[in-house]
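For reference, the structure is listed below as structure tokens.
The values are calculated or read from the model by the stated rules, or taken from the named source; none is laboratory data. These figures come from a predicted structure and were not determined experimentally. Note that each Cβ is placed from the backbone with ideal geometry, even for glycine, and that neighbours are counted across all protein chains shown.
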Amino acid sequence: MNRQRLIQVARGSQPADLVLTNARILNVFNGEVERGNVALAEGRVAGIGDYTQGKRVVDLGGRYLAPGFIDGHVHLESSYLDVPQYARAVVPRGTTTVVTDLHEVVNVCGLRGMRYYIEAARRLPLDVFFMAPSCVPCSPLETSGAALTARELGQAMRWGNVIGLGEMMNFPGVLFTDAEVLAKVDTAHRLGRPVDGHSPGLSGKDLQGYVAAGIYSDHECIHLEEAREKLARGMHIMIREGSSEKNLEELLPVVTDSSYPRCLFVVDDRTCLDILQDGDMDAVVRKAIACGLDPVRAVRLASLNTAQYFGLPQRGAVAPGYLADLIVVEDLNSFRVSKVFKAGKLVAEDGRAVFKTSPVDATGMTDTVHLRPLAADALTLPAGAGDFPVIGAIPGQIVTRYLREEVRRENGHAAPDPARDQLKIVVAERHHATGNVGRGLIRGFGLKRGAIASTVAHDSHNIMVVGASDGDILAAIREIERMGGGLVVTAEGKVLESLALPIAGLLSPAPLEEAATKVERLQRLAAELGCALPSPFATLSFMALPVIPELKLTDRGLVDVTKFEFVYS
């Protein structure tokens, strides 16, 4: 950047590279909307006022100009898209910067997965900042593809664009002062980097112990009082609205005149279909405005607040010297993004990317599904008399209920009972061919027949299947093995549809539109088989996460998350 020229443009003594005239500018500093022209130079905002001299002039005709969105907590892998296609999906929606915790791909591939993303994100009109994943594996209760020590994380946090330590999911490790866990936190603090939190339901003195470790954000609040307590104890509250995690309406009252500087919007996990049909951060802002939040404040929670929390200077506002990452919005109710500028250059218009992408070399990132042949009794679920533990899936949430119910039995084994919405759930280890198969029952998916399966299964990403029969579960596992990872719907022993995710078993190299069409068909077929969940694969992906209460399934067995112990294996 030629700072001398930027100053001269700001003072009006040189023409700007681009002048945006007749704009209504959302000022996230004072909460006002001001009219004026905006001069851009050297990829930055030079000034706001009566500028008219520029190499190019674009009349916005009274439309609104706002800073580009900064998503402060997102797992890019949950989109199912490779990095260039992810950029094609979110940039036209106004997202110009993301902060991603790559514990999905790193749990599969180790640090080579993180290097893959860093390289793939270069030369895109989307700034990608990385949080080094703190929990690989996320717990000792499952089998992951990799493991990272505090020393390795310290090395990764010195790489370019790695700005902090990702969500510390192992809150029991923090509370019981596990030496390796605290070494990871200490490493981040020595480097002056933020540490993201992950502490669902934590409160009281346990919460204060967790915060005392120097962990100052949380994106796992699902109840308003939980968010208020965490805010009062010094945490930044990341209000999440993803594909399967719908927390915005419940948590929005935490945003007050006093608290709003410490609140920010995130999506955490959004599928390519949801991004294409509903939006990304723009959808979160749009919903917040519909729920009554002031539009300028809503934009601030999606831009400036995030930049300030992560220490990303001169981002998140339309102001002199700030990066010219800007969006043009037709009106503040529909909040439709019509233009996106990245560093002062037009990169999207009318919902379409106007930049080109090229495929990424995925050498070393494929061939990640390794299964031992399943034994004849691999899916059986021995069950004595009495009730049996059942996972209770909750629509719109990633927490579950720990249910105990009477179940149907066949030859001493618990069996699916679709009529009562009791389905079999299976997790098959796919990294080291151990032959581990976790089995259980689940309520809430509603399938009357068939099965759905995925290798996107947070956070170790083993093969996860929910089905009404063992035959359909086995057919789904075989198809995933054939594809090298992906999403599958089966019925009557046949594959009805699948989406291959050959890159780490998480990502598709297919174009955005093709991948989204496949996901839409997979979801429609799941609905035709009886599934009532709006995003069944997104919900399925969290049923193996043994750090989110109450009952989850890993390849090693059913986990009581509140006690951090197995209840069935």
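Applying the selection to segment 203-223, what residues are more than 19 Å from the chain's Cα centre (by Cα), buried (at least 22 other Cβ atoms within 10 Å of the Cβ) and either small (Gly, Ala, Ser) or in a loop (DSSP other than H, G, I, E, B) (or both)? Within segment 203-223, just Ile215 meets the criteria.
Please go through segment 277-304 and pick out each residue that is in a helix (DSSP H, G or I) and either modelled with pLDDT under 95 or not aliphatic (A, V, I, L, M) (or both).
Answer for segment 277-304, where residues must be in a helix (DSSP H, G or I) and either modelled with pLDDT under 95 or not aliphatic (A, V, I, L, M) (or both): Gln277, Asp282, Arg286, Lys287, Pro295, Arg297, Arg300.
When residues in segment 224-280 are screened for being within 15 Å of the chain's Cα centre (by Cα), over 30 Å from Glu514 (Cβ atoms) and not hydrophobic (A, V, I, L, M, F, W, C), 1 of them pass. Note on segment 513-547: residues that are in contact with a helix residue (DSSP H, G or I) (Cβ under 6 Å, 6 or more places away or on another chain), more than 13 Å from Leu499 (Cα to Cα) and in a helix (DSSP H, G or I) total 2. Looking at segment 305-323, can you tell me whether even one residue there is modelled with pLDDT under 95 and under 28 Å from Leu81 (Cβ atoms)? Taking every residue of segment 305-323 in turn, none turns out to be modelled with pLDDT under 95 and under 28 Å from Leu81 (Cβ atoms). Residue selection: Thr539 satisfies the criterion of being under 18 Å from Leu441 (Cα atoms), within 20 Å of the chain's Cα centre (by Cα) and either without any contact (Cβ under 8 Å) to a residue 40 or more places away in the chain or crowded, with 24+ Cβ neighbours inside 10 Å (or both). For beta carbons closer than 7 Å, sequence separation of 6+ or different chains, a first residue in segment 289-300 that is of a type in the set (A, V, I, L, M) and a second that is modelled with pLDDT under 95, the qualifying pairs are Ile289/Asn333. Taken over segment 485-511, the criterion of being part of a strand (DSSP E or B) and of a type in the set (Asp, Glu) is satisfied by Glu497 alone.
Residues in segment 392-425 that are part of a loop (DSSP other than H, G, I, E, B) and in contact (Cβ under 8 Å) with a residue 12 or more places away in the chain: Ile394, Pro395, Gly396, Gln397, Ile398, Val399, Glu406, Val407, Gly412, Pro416, Asp421.
Among the listed residues Pro389, Pro359, Pro373, identify the single one that is outside any strand (DSSP E or B), over 30 Å from Arg315 (Cα atoms) and either touching a Phe, Trp or Tyr at 6+ places or on another chain (Cβ under 7 Å) or not aromatic (Phe, Trp, Tyr) (or both).
Pro373
Just one residue in the set Val105, Val99 is surrounded by 24 or more Cβ atoms within 10 Å (Cβ to Cβ), of a type outside the set (Phe, Trp, Tyr), assigned to a helix (DSSP H, G or I) and at pLDDT 95 or above; that residue is Val105. Give me a count of the residues in segment 542-569 that are at pLDDT 95 or above, of a type in the set (Lys, Arg) and surrounded by fewer than 24 Cβ atoms within 10 Å (Cβ to Cβ). Residues that pass the stated criteria total 1.
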